[in-house]
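Engineer: One structure, pasted below without further comment.
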Amino acid sequence: MKNIEDIIRNNKEFFDSGEPSDGHFERFQRKLEIRCETLAVKRSIVPYLLKAAVVTLLVTLSSLWTWEHFLRPDRDRMSLSDVSPQYREVENYYAHQVNLMESELSSIDINGNASQKKMLLGELRSMDSVYVQLQKDLKANPSDERIINAMIEHYQTKVEVMSYIVDQLKAIRNENLNDTDHEKASI
């Protein structure tokens with residue numbers, strides 16, 4: 001390394017005599033500016049995109065964590081479909097029957113008395129609270145046949161009760177229609 005320094009010092013006049021060609025400094029300055037601009041653009045975009053990706057990732061992960069630990073409605077419950085595929089079919093069948101009965105109940109007009117209809121739907125929801133408790137019990141004891149049978153019996157009972165209510169409401173509606181028809185005929 002000292003040899004090179006010595007050579008440069010000893011031949012200083014040779015190195016100082018040469019000048020770069022005309023326009024060299026301008027061309028060099030232009031190249032530096034272009035290079036600094038592209039690096040500045042690259043440097044400004046990359047951190048912005050990286051920050052956006054990190055924020056998106058953090059929001060997604062925190063949302064998933066919040067859902068898993070606080071908002072998931074059935075984390076302490078277990079349904080029949082979680083036990084076996086056969087029970088899944090049973091649960092799907094009864095859930096479909098209950099949905100049909102609920103839609104039929106909501107379509108029947110109870111003499112324009114909304115409070116009675118509201119009370120009836122409230123009673124049916126209270127039946128569901130029993131089922132929720134059975135789901136919690138099943139979560140605690142997944143292989144207990146008594147709980148599984150109680151859940152199936154609950155569905156059966158709910159369908160029977162709803163069917164009975166629908167039949168009674170239809171009979172009342174038909175009687176009211178017949179009475180109205182008789183009144184119109186007598187006028």
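No value in this document is a laboratory result; all are computed from the given coordinates. This is a predicted model, so every value here is computed, not measured. Methodologically, a virtual Cβ is constructed for each residue, glycine included, from the backbone with ideal geometry; neighbour enumeration extends over all protein chains shown.
Engineer: Taking the beta-carbon count within 10 Å as an exposure proxy, list S103, S79 from fewest neighbours to most.
Structural biologist: Ordered by Cβ neighbours within 10 Å, fewest first: S103, S79.
Engineer: Let me ask something additional. How much length is gained on full extension from S106 to Y131, taking 0.36 nm per residue of separation minus their Cα-Cα distance?
Structural biologist: Contour length minus the Cα-Cα distance gives 6.9 nm.
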